[in-house]
Every structure is written in structure tokens, then in C-alpha cells.
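A.B. asks: Got a structure for you, questions after.
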Amino acid sequence: MTLNLAITSTESLVFEPARQTLRLWPAVGGAQIELSLSIRRTTERKDAPPYQISAAMLVGKNPSGDRQLLTPLVAGHLVSPAQVATEFRLTGYISVEQLRVVEELRSGADSIWVILQFSVTCVDSDPATLAGGTGELTFALSAGDALCRYRHKASYADGLFMPILVVLCLFGSAAIRVRSA
């Protein structure tokens, strides 16, 4: 559940899922996804450049096969990692239909696998050169961390059913209160 990404021959970055990895925020026609990760440098540098980080988020029933692209994710700003792990966030958008497909994919399983295909770039050295790398971080989201559930509520305006996103909390008692609400 860690990715050690070599940026140069002497420097690499280490990525890990944060403690509370996934958050979904309701949006028109779907949800904004926010993925929290920790990052650290393997070496200390006083003149360390900031990095542009993006990732493609794939999901599947197992980590090695049956992967499906879910959404591209980007960091909202440049990331300046240190030797001590710091947290940063990647954000993207997931449509209602994509959320349904993920729930169908996860149905009956204890977890769903998330594969992040990272792309990291920076401008480094003097004279300036482009440095970076790519790599994959794979981890499982358990049923308690499921991407989302739907509740259908009648819309009085047009008589149609409209999906309402209910984000499941990571803590048991909070999840029970959300489900009963």
C-alpha cells in the first residue's frame, strides 16, 4: 500500500493512503471525489522543487485485473513534500452513473480495489530540466468505506426519482446514524 516513485537517481517520493482516504461531496449529476494521501521525500533538500501531481483512478474487483477507469484526479496546487510525511488531496468528479457502476462492481464483495496511476512532474536543477515519474498505488476500500449509496426521494416538482448521495462514514456509530436518517 505504498508507492516509492523515483524522480531522479538520488531522490524519490513515497505515497501512502491517508487515514481517512475518501470523501465524496454532492454535485450536480454526481459527486466531487476527494482522495487524501500522504507524501514524503526520501532525502532532504534545501532547494527542493514543488511537484505537479495528477492521477488516473481505476477500480476493480481485484488489484491485478479487471480494472476500469473511474476518473482523472488532480492536486489543486503544487505539492512541496518534506522528509516527514504530509497530507495532500487529489480531486475529481464522478457521475451518478459511474457511482452506480462502482456499487454494482462492489456488490457482494468485502472490498473494492482502487488503483491510482500517478504522474509527477517538476522543474529541477540549474539549468532547468523537467524531472518526474509515473507509478501505481493500489489499495482496497472495505465495504464500510464504500464509495457511496443511493437513496431515492420523490421529487414533488416533476414526479421523478432523483438519486441523493449518502456518504458512508468510516466510524461505526456515525454510519448507523447516517443509515437511519
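A.B. asks: Determine the pairs where a residue that is in contact (Cβ under 8 Å) with a residue 12 or more places away in the chain and over 20 Å from THR138 (Cβ atoms), located within the stretch 62-85, has a partner that is of a type in the set (Asp, Glu) and surrounded by fewer than 14 Cβ atoms within 10 Å (Cβ to Cβ) with Cβ atoms under 9 Å apart, the partner being 6 or more residues away or on another chain.
C.D. replies: Between residues of the stretch 62-85 that are in contact (Cβ under 8 Å) with a residue 12 or more places away in the chain and over 20 Å from THR138 (Cβ atoms) and residues that are of a type in the set (Asp, Glu) and surrounded by fewer than 14 Cβ atoms within 10 Å (Cβ to Cβ), the close pairs are ALA82/GLU44; GLN83/GLU44.
A.B. asks: Name the single residue, out of those in the stretch 1-11 being aliphatic (A, V, I, L, M) and modelled with pLDDT of 90 or more, that is farthest from GLY132 (Cα to Cα).
C.D. replies: Restricting to residues being aliphatic (A, V, I, L, M) and modelled with pLDDT of 90 or more, the top hit is LEU3.
A.B. asks: When you scan the stretch 73-83, how many residues do you find that are farther than 14 Å from ALA18 by Cβ and either of a type in the set (D, E, K, R) or outside any strand (DSSP E or B) (or both)?
C.D. replies: The total comes to 6.
A.B. asks: Kindly check whether there is at least one residue in the stretch 112-126 that is more than 21 Å from LEU141 (Cα to Cα), of a type outside the set (Ser, Thr, Tyr), free of Cβ contacts under 8 Å to residues at least 40 places away in the same chain and not in a strand (DSSP E or B).
C.D. replies: Within the stretch 112-126, one or more residues are more than 21 Å from LEU141 (Cα to Cα), of a type outside the set (Ser, Thr, Tyr), free of Cβ contacts under 8 Å to residues at least 40 places away in the same chain and not in a strand (DSSP E or B).
A.B. asks: May I pose another question? Does VAL14 satisfy the criteria of being under 27 Å from ALA128 (Cβ atoms), out of contact with any helix residue (DSSP H, G or I) (no Cβ under 9 Å at 6 or more places or on another chain) and not charged (D, E, K, R)?
C.D. replies: Yes: the conditions hold for VAL14.
A.B. asks: If you don't mind, there's one more thing I want to ask. Answer yes or no as to whether ALA109 is within 26 Å of LEU24 (Cα to Cα) and at pLDDT below 85.
C.D. replies: Taking the combined requirement at face value, the residue satisfies it.
A.B. asks: Of the residues LEU78, LEU105, LEU70, LEU99, only one is farther than 30 Å from GLU44 by Cβ and surrounded by fewer than 19 Cβ atoms within 10 Å (Cβ to Cβ); which?
C.D. replies: It is LEU105.
A.B. asks: For the stretch 29-49, which positions are hydrophobic (A, V, I, L, M, F, W, C) and modelled with pLDDT of 90 or more?
C.D. replies: Hits for the stretch 29-49 are ALA31, ILE33, LEU35, LEU37, ILE39.
The values are calculated or read from the model by the stated rules, or taken from the named source; none is laboratory data. From a predicted model like this one, the values you see are computed outputs, not experimental measurements. Virtual Cβ from ideal backbone geometry, glycine too; neighbours counted across all protein chains shown.
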